[in-house]
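Read through the structure below, which is laid out as C-alpha cells, and then see the notes.
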Amino acid sequence: MAKIYCNNKGFNGISASVNFVDGVGDSNIPHLISWFKENGYTIIEEKIEPSVYDSMSYKELTELAKERGFNGIGLKKEPLIKAFLDLDAKNEDDKNIKMEE
C-alpha cells in the first residue's frame, strides 16, 4: 500500500480512480503509483511485514474468524487478514491497558 500526497493539501475527490481526502490517497496498484510519481505526487510506500495469516487458506481464515467470534464469510482474503490484524492490535491495546491498572 502506498500513501499518495498531492500538492493541494485540501483536495477532496477522485483522481485516476484514487479517492483523496485532504490531499491524501491510498493505492496498492503499481501502475497507478507509477503514474502519480511521474506526475509530481509524493509517494510514501508502506512496507508491510508478512503476518501469520498470509500463509493461511481462505477456508482456514474463515474458520479462525468463527472461533474468534466474527463472521469472515463474504470478505475477500485481504480484508479478512486486515480484520485479524486490527483485532490483534485491539487485543494488544486492551492487554496493555490491563497491565497499567
Could you look through the range 43-72, keep only residues that are of a type in the set (Asp, Glu) and not in a helix (DSSP H, G or I), and pick out the one that is surrounded by the most Cβ atoms within 10 Å (Cβ to Cβ)? 54
With 33, 29, 4 as the choices, which residue is within 18 Å of residue 78 (Cα to Cα) and not polar (S, T, N, Q)? 29
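Every number in this text was worked out from the coordinates using simple rules, so none of it is lab data. Fair warning: this is a prediction, and the values are worked out from it, not measured in the lab. We place every Cβ from the backbone using ideal geometry, glycine too, and count neighbours over all the protein chains shown.
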